[in-house]
Amino acid sequence: MERPVCLIENHEDGTIQVNQAALEILSAITQKVVVVAIVGKYRTGKSYLMNKLAGQKNGFSLGATVQSMTKGIWMWCVPHPVRPDHTLVLLDTEGLGDVEKVNSQNDSWIFALAVLLSSTLVYNSMGTIDQQAMEQLHYVTELTEKIKVKSSEQEELQDDSSEFKRYFPSFIWCVRDFTLQLQLNGKEITEDEYLRNALKLKSGLNPQIINYNLPRECLRRYFHSHKCFVFDRPASKDDLQNLDNMECSQLNPIFVQQTRKFCSYIYENSSAKTLSGGYTITGRGLGDVTVSYVESIRSGSIPSLENAVVALAKIENSRAIEEALSKYEEMMTQYGSKFPTETQEEFLSLDKECHSQALKVFMKLSFKDDNQEFQLKLLEALGHKKATYLLRNEEASETKCRVLLQELSVSLEEGIREGKFSVPGGYKIFLEEKKSLEENYMKVKGKGVKSLEVFQEFLKENETVESTILIADKSLEEKEKKLAEQRSRVEVAARDKEILEKANMELQENLENKEQSYKMHVEMLEKKMSEESEKMKKENEWLIQEKLQEQKEMLERGFKNKHEMLEEEINGLRERSSKAETQTLLGDIFKGVTSIIDKAGDALSKPGLPTIPLGPSPGSYMAPSPVHIPQVNVLCDDLRYDPYYDQRYDQFDVQCYEQYEVQSYGPCYDPCYDPCYNPCYDPCYDPCYDPCYDPCYDPCAPR
């Protein structure tokens, strides 16, 4: 961005609105963001500090009159000076306490939004940190009325401040035009010690002391770190009116040095913007939560940290699905140059690699997918993508095989047209030509997964021609012609059986691939939940340590009641932390894994799987293993999928199956005599049905 833009517009009637142009800028930022917001009274030099953080002399409007120049909240996104993978987002807010402002509550909302959106909050004031300065910071005492942690009042914790500290930004107090000596009781002190001394509480319960302590308590309890910078006057009163045009050499050298020190601290120590659970947001995520908070204020409700996280999670998880699918598409498109694959196993190996990378993308971008709703959507979407590319792989194989057969069958086609086979003995010549074509076809590599099917289709297209040549061959007797017809039918049946067995094997491979995908999802889910649990554990431990330090200070200063109150808070935090850890490890992981596994079973029955009749017709024998695959009985149990289904041969129908188990694998069984696999089946040639059977007249019998 070359210049700042207004992020949140503040209208004269006191209403606020998000600027769509600013949202478009944020939506294009996919890096993590460090958000620094500055608040304070108008005409105190806030914009000058923000311009310096942006590395520019001007940008945010400075102005030189008693009127406030900045309205609403303005934004400037610049590359982070020391973190290449981060973007620095600077938020310059409208001056607080503007006498021209109609709605006094508007200042409180501007202050609350600055707190909600930033990872570092800079409070800018003039002179010294005294009681007047603390009273001007009364907005911090109103935060409990402007911000909720939980989405409902019933779920709110009794001590909101302990939760605020978890979510709120770090706090920096900049004191401008500071003219005092940094001394306390005759000793030199640092800027931070100056602030800590100013935040000390007084003992007593009278109203004056309570009012004195209130803003100090809020600053100590709501913000997890407190830093202070003091600045000398930058220039003379006359020169201040032209400050944005002055060179550093024209300014007070001490002020210049103090400004550099401030900027350096911000660059080195300001953290990226995070939400509950330690989720670090990007620019587009910042835009989404901004909309969520502003819309809550516009509707008259109080912004909820939890609601904002839930709303952002839905948006980001949907984006995570899109990104993951794009990754799958990108990789599969690259692998498309390898289509057709020689085997389905090779295709499934490519799919597994693409699926794995897509899942990693989703896991990296998604968060707070508590019920695995979006992960299951991804699982289903990847299944559809896989089916699409599987079909493309098959189509590529079919195309290649048809082109190959067209080239190899030129001689055969010419012989048919020229009548080469319409002579005595022509049938034998035709068979030799066909055999040669088959051998040459089978020698060619890289035909793909549909090579057998396309070849079988080719032969069936020429069945009529072959039959005509056989009938017209006068060198053969009728008996020989009949045997030749039967032999041809048996060859067709054998190829059909081979195709069927191949299909069954591919189906089994497909099922195993699905199981591996489910396992991959479960493993990554367990890993992510464990990492999130560990992150939450560390966050809870950090918060408890903060409270322990606060408790120690209260005890040292003699605030016994506050010490005891903090003891209760700490015990409550420990109890909630222990309960949360147990629920996360034993509850969420189990629930998530169970959800994935449950959906895995449902996915098997969805459209897209091949449906192959695997069982026998009623009264006939069942094909032996490995042709029959029990795992796919979920498909074959329905007559819509299996025209040969018979519950007597269904291993899932235990009562019927056990009764017929022995006879289902009869000693006479042979696929050649099974009508489910051999369209040429004739009971006259079946020793199991024909007591007069003679192998001498059986073309299927071994010689």
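The values are calculated or read from the model by the stated rules, or taken from the named source; none is laboratory data. Fair warning: this is a prediction, and the values are worked out from it, not measured in the lab. Ideal geometry is used to build each Cβ from the backbone, glycine not excepted, and the neighbour counts take in all protein chains shown. The accessibility values were calculated without ligands, DNA or RNA, using every heavy atom of the protein model including side chains. Shrake-Rupley method; radii C 1.70, N 1.55, O 1.52, S 1.80 Å.
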Quick one: what pairs do we get from segment 480-498, first residue farther than 17 Å from T464 by Cα, second at pLDDT 90 or above and not charged (D, E, K, R), C-beta under 6 Å, 6+ apart or different chains? R495/Q456
Under the condition of being in contact with a helix residue (DSSP H, G or I) (Cβ under 8 Å, 6 or more places away or on another chain) and either of a type in the set (A, V, I, L, M, F, W, C) or free of Cβ contacts under 8 Å to residues at least 24 places away in the same chain (or both), which residue from segment 443-461 is surrounded by the fewest Cβ atoms within 10 Å (Cβ to Cβ)? V444
Please enumerate the residues belonging to segment 345-404 that are in contact with an Asp or Glu (Cβ under 7 Å, 6 or more places away or on another chain) and hydrophobic (A, V, I, L, M, F, W, C). L348, V361, L365, F367
Looking at the structure I just gave you, is Q545 modelled with pLDDT under 90, of a type outside the set (D, E, K, R), more than 30 Å from C218 (Cβ to Cβ) and open to solvent by 90 Å² or more (accessible area, probe 1.4 Å)? no
Given (1) surrounded by fewer than 18 Cβ atoms within 10 Å (Cβ to Cβ); (2) at pLDDT 90 or above, index of the condition E526 fails: (2)
Does any residue of segment 314-329 turn out to be open to solvent by less than 50 Å² (accessible area, probe 1.4 Å) and in a loop (DSSP other than H, G, I, E, B)? no
Number of the condition not met by L26 [criteria: (1) modelled with pLDDT of 95 or more; (2) closer than 22 Å to N106 by Cα; (3) of a type in the set (A, V, I, L, M)]: (2)
F362 touching a Phe, Trp or Tyr at 6+ places or on another chain (Cβ under 6 Å), buried (at least 18 other Cβ atoms within 10 Å of the Cβ) and touching a residue at least 40 places away in the same chain (Cβ under 8 Å): no
Considering every residue within segment 88-110, establish whether at least one is part of a loop (DSSP other than H, G, I, E, B), modelled with pLDDT of 80 or more and farther than 26 Å from T15 by Cβ. no
Among helices (runs of 4 or more DSSP H) completely within segment 137-213, the ones holding 2 or more residues that are at pLDDT below 90 are 143-146, 160-167
If P207 meets every condition in (1) surrounded by fewer than 14 Cβ atoms within 10 Å (Cβ to Cβ); (2) touching a strand residue (DSSP E or B) at 6+ places or on another chain (Cβ under 6 Å) apart from one, which number is that one? (2)
Scanning segment 210-244 for residues that are under 19 Å from Y139 (Cβ atoms), in contact (Cβ under 8 Å) with a residue 40 or more places away in the chain and of a type in the set (A, V, I, L, M, F, W, C) gives L214, C218, L219, F223, C228
Check D239, D232 and return the single one that is assigned to a loop (DSSP other than H, G, I, E, B) and among the acidic types (D, E). D232
